[in-house]
Structures are given as C-alpha cells and as structure tokens.
Amino acid sequence: MAKELKKELSLLDVFCIATGAMISSGLFILPGLAFSMAGPAVILSYLLAGVFCIPTVLSMAELSTAMPRAGGDYFYIMRGFGPLLGTVAGFSTWFSLSLKSAFALIGLGAYLYTVGNFSISAVALIFCLVFIVLNLVGVKEAGRAQVFLVFGLLATLVIYILLALLKFNQQNFSPFFSKGVSPLFSTASFVFISYAGLVKIAALAEEVKQPARNIPLGMIFSLAAATFLYAAVIFVTVGVMNPEELQASLTPVSDSAFIAGGVFLKIIISCGAVLAFITTANAGIMSASRYPLSMSRDNLLPHIFQRVSLKFKTPHFSILATGFFMAAAILFLKLELLVKVASTVLILLYIFSNLTVVLFRESRISSYKPKFRSPLYPYMQVFGILGGFFLLIEMGSFIIFLTAIFIFLSVAWYKIYVQKRAKQDSALMYTLEKLVSNDKELASDNLLTELKDIVMQRDQIIEDRFHKLIVDSQILDINGPITAEELFRKVSVLLSEGLAGVSPQDLVDKFMAREKESSTVLRKGLAVPHVIVPGSNVFKVVLARAKTGVIFPNDELAHIVFILAGSPDERNLHLKALAAIAQITYSAEFDKLWFAASHKEELRNIVLLAERKRG
C-alpha cells in the first residue's frame, strides 16, 4: 500500500528548487549560441521565452493547490484526460527531466575537465551517485542542500554582474537588431529549455508545507528571479565580450568574466557554473523520481515504484530507477538530440497543463477546489496553448518526428500493460457526460471521491459527527415537480429502515404535522424538515435536490432539502446539524454548485467540503 510522503519543503525550498532547476546550461552555455542567432536582441528572446512561461506557471500553480500530489503535471493530466494521455505525460516528463539532469551532470564534468582534465563521464557518474544517496536519505536534506547551493549561485552571479558593468561597452549593442526581428522568435524557442525546470516543483507538491501558499509564491518568485538574472547576465556579457568571440563561445559567461575581472573572477564564475549544474541535477532527480511513484499509484507502472522507505519516508525504488536511467544516459546516449526531444515533449506538456485547467474549470466538478486560481481565465490559458504551439513549430520537423516516435512507444505501453489495469475516471468524461446526456453516466464516482479526499487532507478537515452523517446519508435527485407529502413518502421509506416500531406512514404523519406547526422552508429554495423519532442513539439524514422544486404548504418552493430524523437523546447533535446546514447553505456559491452538480456523489461532496465550524 502506498504511504504518504512527509511535508518537509518550505517556501524557501520551493523557490530554491525551482530556481536551481532553471539556472544551468541555459545561462552558462546557450547565450553564445543564441547570440549567433539573434545578435544583441538575444536579451529580448530570453525575456520572450519567460513571458511564454507565465500562463503555465499560473496554471500549474492552480492545479498544484487543487491537487498537491506527487507527479506534478502528469497527475493533473491523468485526472483531466484519463490513463492514455496520462501514460504519455508520465513517461514524457520522467524521461525528459532525467535526461536534462544527466545533461547537467555532463556539463558539470565538462567544466571540471577544463580545470583539472578530469574524465567527464566519471565526474558525472560520481555526482549522480551522490545525488541518489542524498535523495534517498530525505527530501528535507536534499532541499537544505538546494538552498545552500542556490544562494551560493545567486551570490556568484551578482558579483559577476557588478564587476562586468565596470568593463561595459555600449557599442556592442549597435545595431541592436543586427540579425533582424524575426530571429527573436526562433531564438526564444531555442532558449525555452532554460525555463524548463520552473515547474519541477509541481512534482514535489505532496511534500510542500502549506502548498496553497508556498507553491504559487515559490513559482512566481522563481520565474521573476530567473528572468531578471538571465536578462542581467546576458546584458553585461554582451556588453563586455567582442561580438565575434561571443557568438563562437560555448562558455560565454566564464570568458566574459575573464575579460571583466581576470583569472579571479573567472574562477568565481566557474564555481558558480559548477553550483548551477549541481542544483539542476539535484532538483532534477528530486522531481523526476516522483513520476514513477505517481504512475505506479495509478497502475501505470508496477507497484514496486510506489514503495516508500520506512526509515527515510522517500520513494527509494523510484529514486533508484531514475538514477539508473540517468547513469545509462551519461554512458550510452547522445544527449544533445535527446534533450531537444525532451524539450519538445515538455512544451507539449505545458500545452496540456493549460488545457487541463480549462477542462477542470468547465467540467464544474464540485470537489475541484484550488486555493489559488489563475487570473484572466481563460485568456491566460489560451495564450499559453497558442504560445506552446508556436514554439513547437519553431523546433523543426525532425525533432517533432522523433517526439512522435516516443509518444507512439508510450501508447504501445498503454495498450500492453496499462489498459487492462487502469480504470481512472477523468474530468474529460464528466464534461462529455454533460454534453452527451444528463441521464447517461459515462464516468463513475472515483474521481469525485479522490478529489474530495485530497481536499480533506490538504485542508485538514475534521470528520466530526455531522460529517459522518453526510457520508452515510442517502441522496434523492428528483427531476420533476413533487409535493412535500410525496417527498416525505419517499424519504420515510428510507428512514424507517432500522427504526423499531416506526412505519413509513408514521414518519409521513410526523413530517406533515411538523409542517402544520411551522414551515421548515428557511429561505428561498431551502427547506430543512426535521422530526423526533422513538429510540436512542438514532440520527439519520437524507439529502434531496429537486431542480423543478418541492411544493411545500403555502405554495413555498424548495430545491435544496435536508431531511433530519433523530431520537430525543440526540438533541445536541440535532442543534449542531441545523447550525452546520445553516453555515453551509448560506454561502454565496452554494445554490450554484448544488444546481450544477451532475452526480449524487457531487451533491454529497458539496456538503462535505463546505467551509464551516467543525467539532
């Protein structure tokens, strides 16, 4: 059985993991190549790539606060679109993050090779082993290491920027659009991988303390910091280096540091580059290893991947499998081509992340309750989707072809292994159900129950006696018009079960007598009929929704009906239940949610997850 992961990561950890995952090859290797494509306007290309990230950051922040679970974008896409696309998303993100981490380790080896002539592969494998052990020991320890490494990296870059400004030559920016305007966009696509690590934190959402606050803030602060650093570092690098030398350099920041501050500054920047590659690799294995864990929980992979270490509370088999794949990539694979394929797949996943927000919003599933909601919906998501397709076009047909092969292999795994094991509902099925027919159920209640349980755990909802009453209650969903007496006859049959000496007709008489005393219609559309029944320790609840309406005496109409029946010794519970119902049903959005619910289980979840005083 899968066990819960410990919540160890703070806002600072979230910021450092996301920032450390971004600042590596995108800053220390790519600027020279990007400059050869766009000239001094390369700064705008980096800024443009950052702008394209904004919709995905907001969408992922919303999804992460609604469903803080290991697996990040895979988990949300799986719940949004079902196991077929979930299989593709899971493998795609797992492999792409692992390959990017392996690439960072090779970059680390390459930098150390220029310093001490060390073996690139040997250095990469040694550090791969170190990070496997670090992540096996615990995410808290890995997070602390990430904080130290990232702050060391940021301090190094600030020193470089300040010293480089002293050697700045503004003539290097003339003409600014030396390559024209159109290369700005193709270069933005090229450097987009610089921001690919931004949403890695979503994969660790289950281990974040106060995820509703820390995940959105951490992502937004990280994107702002990384975008500023990219722009500032590239600005001073262009201003210091000769354009001909810059466009031919694979270590542009180090070369610029030598011009600005001599050997001393070059050593500092080289240390910063090493820190950058280390933080990327550490964040990569932390996040990538959570994908097989989450996929295993959904029966997309064998159950061994969801096992959690009893001592360290980490998914040790998933971490080991990820580390093994990274080591194999270091030894045997040509990473340059595969990293491009992985980047293309990540852009696809960004597109689907934005689509998933749209799907969940439009499905109107009551238990989808994000603590953070993306602003400017749906325009922000549409921008993210169109921007993603634009970047894909800029990748080139050959890379897209290779990505299609990878997707084909993922679909084959779904057909061979997953299809007969995974029966996961999806928001897509609920949306189709509403479009096709209100009477035909295409989906079960599994997704509704799962989302409800996630929200309960996230918000630490106490299961008091009223909560348990609603869990055990029976629900009536009535389509046509009905009188109060007809409703009471239906309800009395349900309530009389287990009540000794009380017939359904006795209950009908009690309910009707109660209505003659005073109407139980408390406000427009809401009625709470309640009666005392013989016995002890008896309390039952029936929920009823009548879209057309229940006609009560004096022609009062109710669409929301809570029917209560309790023994005399449960008077305190009776009063608490009435108070809870009042708190729940007087909220601004309750009536809207009640009418929009497409399942009986949704009606139950609306009541269970409503904000109220508990105890």
Considering only residues that are touching a residue at least 24 places away in the same chain (Cβ under 8 Å), surrounded by fewer than 21 Cβ atoms within 10 Å (Cβ to Cβ) and in a helix (DSSP H, G or I), which ones fall in region 238-260? 239, 243, 247, 259
Can you name the condition, by its number, that residue 80 falls short on among (1) touching a Leu at 6+ places or on another chain (Cβ under 6 Å); (2) closer than 26 Å to residue 406 by Cα; (3) of a type outside the set (Asp, Glu); (4) surrounded by fewer than 24 Cβ atoms within 10 Å (Cβ to Cβ)? (4)
Testing residue 177 on (1) at pLDDT 90 or above; (2) in a helix (DSSP H, G or I), one condition comes back false. Which one is that? (2)
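Here's the yes/no breakdown for (1) under 30 Å from residue 311 (Cα atoms); (2) at pLDDT 75 or above; (3) of a type outside the set (S, T, N, Q):
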position	(1), (2), (3)
97	yes, yes, yes
115	no, no, yes
129	yes, yes, yes
146	yes, no, no
Contact list please: Cβ distance under 7 Å, first residue in region 482-496 and surrounded by fewer than 22 Cβ atoms within 10 Å (Cβ to Cβ), second residue small (Gly, Ala, Ser), pairs at least six apart or on different chains. 482/546; 496/503
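Being assigned to a helix (DSSP H, G or I), buried (at least 18 other Cβ atoms within 10 Å of the Cβ), at pLDDT below 90 and of a type outside the set (Lys, Arg): is that true of residue 570 here? Break it down into steps so the answer makes sense when it comes.
Numbers: assigned to a helix (DSSP H, G or I): yes; buried (at least 18 other Cβ atoms within 10 Å of the Cβ): yes; at pLDDT below 90: no; of a type outside the set (Lys, Arg): yes.
The answer is no for residue 570.
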Out of (1) under 25 Å from residue 387 (Cα atoms); (2) surrounded by fewer than 23 Cβ atoms within 10 Å (Cβ to Cβ), the odd one out for residue 169 is which? (1)
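Does any residue of region 487-510 turn out to be within 30 Å of residue 453 (Cα to Cα), small (Gly, Ala, Ser) and out of contact with any Leu (no Cβ under 9 Å at 6 or more places or on another chain)? Even if it seems obvious, please write down each step before you answer.
Residues of region 487-510 within 30 Å of residue 453 (Cα to Cα): 491, 494-495, 497-498.
Subset that is small (Gly, Ala, Ser): 498.
So of that shortlist, the ones also out of contact with any Leu (no Cβ under 9 Å at 6 or more places or on another chain) come out as 498.
So far as region 487-510 goes, yes, one or more of its residues are within 30 Å of residue 453 (Cα to Cα), small (Gly, Ala, Ser) and out of contact with any Leu (no Cβ under 9 Å at 6 or more places or on another chain).
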Matching residues in region 156-193 (under 17 Å from residue 254 (Cβ atoms) and among the small types (Gly, Ala, Ser)) number 1
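For the condition within 22 Å of residue 582 (Cβ to Cβ), β-branched (Val, Ile, Thr) and assigned to a loop (DSSP other than H, G, I, E, B), what is the one hit in 475, 462, 470? Give the derivation first.
Working: 475 fails: assigned to a loop (DSSP other than H, G, I, E, B); 470 fails: assigned to a loop (DSSP other than H, G, I, E, B).
Selected residue: 462, the only one of 475, 462, 470 that is within 22 Å of residue 582 (Cβ to Cβ), β-branched (Val, Ile, Thr) and assigned to a loop (DSSP other than H, G, I, E, B).
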Output the number of residues of region 405-454 satisfying the condition of being assigned to a helix (DSSP H, G or I) and modelled with pLDDT of 85 or more. 13
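Kindly indicate whether any position in region 197-216 is in the same structural domain as residue 371 (by TED's automatic domain parsing), small (Gly, Ala, Ser) and either within 24 Å of residue 393 (Cα to Cα) or at pLDDT 90 or above (or both). Let's see the steps before the verdict.
Filtering region 197-216 for residues in the same structural domain as residue 371 (by TED's automatic domain parsing) gives 197-216.
If we keep only those that are small (Gly, Ala, Ser) too, we end up with 197, 202-203, 205, 212.
Among the residues that remain, those that are also either within 24 Å of residue 393 (Cα to Cα) or at pLDDT 90 or above (or both) are: 197.
There is at least one residue in region 197-216 that is in the same structural domain as residue 371 (by TED's automatic domain parsing), small (Gly, Ala, Ser) and either within 24 Å of residue 393 (Cα to Cα) or at pLDDT 90 or above (or both).
Select from region 203-237 the residues that are polar (S, T, N, Q) and in contact with a Phe, Trp or Tyr (Cβ under 8 Å, 6 or more places away or on another chain) and write down the one among them that is surrounded by the most Cβ atoms within 10 Å (Cβ to Cβ).
Per the stated criteria, the residue is 222.
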What residue, of 148, 235, 192, is more than 25 Å from the chain's Cα centre (by Cα), touching a residue at least 40 places away in the same chain (Cβ under 8 Å) and more than 27 Å from residue 369 (Cα to Cα)? 235
Matching residues in region 330-347 - criterion: being buried (at least 22 other Cβ atoms within 10 Å of the Cβ) and either at pLDDT 80 or above or part of a loop (DSSP other than H, G, I, E, B) (or both): 330, 347
Output the residue which, of all residues in region 1-14 that are surrounded by fewer than 23 Cβ atoms within 10 Å (Cβ to Cβ) and under 18 Å from the mean Cα position of the chain (by Cα), is modelled with the lowest pLDDT. 4
Residue satisfying condition, being farther than 25 Å from residue 169 by Cα and either assigned to a helix (DSSP H, G or I) or in contact with a Gly (Cβ under 7 Å, 6 or more places away or on another chain) (or both), within set 38, 49: 49
Search region 538-555 for residues being of a type in the set (D, E, K, R) and crowded, with 18+ Cβ neighbours inside 10 Å, and hand back the single one that is farthest from the chain's Cα centre (by Cα). 540
Count, please, the residues in region 594-611 that happen to be surrounded by 18 or more Cβ atoms within 10 Å (Cβ to Cβ) and out of contact with any Lys or Arg (no Cβ under 8 Å at 6 or more places or on another chain). 7
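Rundown of residues vs (1) touching a helix residue (DSSP H, G or I) at 6+ places or on another chain (Cβ under 7 Å); (2) closer than 28 Å to residue 183 by Cβ, yes/no style:
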{"residue": "46", "(1), (2)": "yes, yes"}
{"residue": "55", "(1), (2)": "yes, yes"}
{"residue": "63", "(1), (2)": "yes, no"}
{"residue": "66", "(1), (2)": "no, no"}
{"residue": "69", "(1), (2)": "yes, no"}
{"residue": "73", "(1), (2)": "yes, no"}
{"residue": "78", "(1), (2)": "yes, no"}
{"residue": "85", "(1), (2)": "yes, no"}
{"residue": "92", "(1), (2)": "yes, no"}
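Give the residue, chosen from 56, 93, that is closer than 24 Å to residue 423 by Cβ, of a type in the set (Ser, Thr, Tyr) and crowded, with 24+ Cβ neighbours inside 10 Å.
Working: 56 fails: closer than 24 Å to residue 423 by Cβ.
None of the other options fit; the residue is 93.
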Within region 573-590, count every residue that is among the charged types (D, E, K, R) and either under 23 Å from residue 494 (Cα atoms) or at pLDDT 90 or above (or both). 1
Under the condition of being touching a residue at least 60 places away in the same chain (Cβ under 8 Å) and more than 15 Å from residue 356 (Cβ to Cβ), which residue from region 373-387 is surrounded by the most Cβ atoms within 10 Å (Cβ to Cβ)? 387
Please find, among 526, 543, 499, the residue that is at pLDDT below 90, not in a helix (DSSP H, G or I) and not small (Gly, Ala, Ser). 499
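Say whether the condition of being assigned by TED's automatic domain parsing to the domain that holds residue 201 and closer than 27 Å to residue 151 by Cβ is met by at least one residue in region 303-311.
Kept after step one, since they are assigned by TED's automatic domain parsing to the domain that holds residue 201, are these residues of region 303-311: 303-311.
From what is left, the residues that are closer than 27 Å to residue 151 by Cβ are none.
No - not one qualifying residue is present in region 303-311.
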Yes or no: region 129-143 includes at least one residue that is in contact with a Gly (Cβ under 6 Å, 6 or more places away or on another chain) and part of a helix (DSSP H, G or I). yes
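Rundown of residues vs (1) without any contact (Cβ under 8 Å) to a residue 40 or more places away in the chain; (2) over 25 Å from residue 412 (Cα atoms); (3) more than 21 Å from the chain's Cα centre (by Cα), yes/no style:
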| position | (1), (2), (3) |
| --- | --- |
| 284 | no, yes, no |
| 293 | no, no, no |
| 299 | no, no, no |
| 311 | yes, yes, yes |
| 314 | no, yes, no |
| 325 | no, no, yes |
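The values are calculated or read from the model by the stated rules, or taken from the named source; none is laboratory data. Since this is a predicted model, take the numbers as computed values, not measurements. All Cβ positions, glycine included, derive from the backbone under ideal geometry; neighbour counts span all protein chains shown.
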